[in-house]
Amino acid sequence: MTSPITHVSDTARWVALYRAMESERRDPLFRDPYARRLAGEQGEAILRGMKQGRRWAWPMIVRTAVMDEIILRAIDRDGVDTVLNLAAGLDARPYRLALPKTLRWVDVDLPDILTYKEQQLAGETPSCTVEFAKVDLRDAAARRTLFAGVAESAQRVLVVTEGLLIYLTPAQVADLAKDLAAQPAFRWWLIDLGSPALLQFLSRTWGNQLRSGNAPMLFAPEEGTAFFAPTGWREAEYRPMLDEALRLQRAPRMAWVWRLLGLFASKKRREQFKRFSGIVLLENSKGR
């Protein structure tokens, strides 16, 4: 079967449709009034073409909701003055969240996807200052120039990479992490992180479609967040995806089985369950 995804940027339309589905519930965790417009007909087609696509919406929805919470807390409690959103895709947070007008928000992605987003959001008013940086993050020189420019006029930067790292090789993630850590103003880095067990599961579910669509899933380090330590980042907070789904009442029906199995598992096995997939806040060891 032909993959509905032809480029990694197409995954942004897929995830936008999940945000639309959540926003249209009577009890939404968040409201994204732009999501369905941004997803477009292609987003609908992608979801229809993904095996069990609706069934596995919950991790994407929970990820979005938890990252919303952490971003808002970082701005309010920790004094973040700049958010650097890498591989921003069709994320509309500066338009849908109540953010301070003084906040600087920088969306970074490939030219085509950001141009499309600009067109779709033309006439909409963001709650803070928004900039679109059309940069290919695979270009080391271009990204370093971008990072230096952002850091020059910022004191406390929160970097966000939602749904990006899994599509990079370990070497690419390490290089990106080092370039981010080299800027002391980049104090925190918010990511989602999966385990090798999650990668195996996703490969069985969507692997062929994503690989044939030029978007293979690659990064799920055996050592978890310890992977980032040599690059200058340490774990500040880890939110297990299933725990957060239970808290937010978005867990799948079979979640009780997983919890029951956890009760009878060894301490090591329980820790592996918790680290199956999660949202992570990293802190820059060089932060000022």
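Data for the structure
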read-out	value
Region 128-192, Rg to Rh (Cα coordinates; Rh as Kirkwood inverse mean 1/r)	0.93
Relative contact order of region 32-139, pairs being alpha-carbon contacts under 8 Å that are 6 or more residues apart, as %	26
Computed E for T125/R234 - FRET, C-beta separation, R0 41 angstrom, nearest 0.05	0.60
Listed residues S9, S285 arranged by accessible area, highest first, probe 1.4 Å	S285, S9
Distance (nanometres) between label positions extended 7 Å along Cα→Cβ at S203 and T6	2.8
Cut-off 12 Å (backbone N to label point 7 Å along Cα→Cβ of K101), residues of region 110-135	127-129
Heavy-atom accessible area order for R187, R55, R73, R156, largest first, 1.4 Å probe	R55, R156, R73, R187
Sequence-separation-based contact order of region 86-148, relative, with Cα cut under 8 Å and 6+ spacing, percent	39
Close Lys-Lys pairs in the chain, where close means Cα under 24 Å and separation is 8 or more or interchain	5
FRET efficiency, A171 to E283 (Cβ-Cβ, R0 22 Å, nearest 0.05)	0.45
Potential lengthening between K267 and R138 on full extension [0.36 nm per residue; Cα-Cα distance subtracted]	42.5 nm
Projected area, mean over directions - the chain, Cα convex hull, nm²	14.7
Value of relative contact order over the chain, rounded to a whole percent, pairs C-alpha under 8 Å and six or more apart	20
Area of K134 that stays accessible when all protein chains are in place (1.4 Å probe, Å², to 10)	90
Accessible surface, 1.4 Å probe, highest first, among residues D10, D112	D112, D10
Mean residue ellipticity (222 nm) of the chain, computed from DSSP H runs ≥ 4 via -39,500 (n - 2.57), nearest 500	-13000 deg cm²/dmol
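The values are calculated or read from the model by the stated rules, or taken from the named source; none is laboratory data. The shown structure was predicted, so the numbers you read here are calculated from the model rather than taken from an experiment. In this analysis, Cβ positions are derived from the backbone assuming ideal geometry, glycine residues included, and neighbour counts consider all displayed protein chains. These area figures cover heavy atoms from the full protein model, side chains too; ligands, DNA and RNA do not enter into them. Shrake-Rupley method; radii C 1.70, N 1.55, O 1.52, S 1.80 Å.
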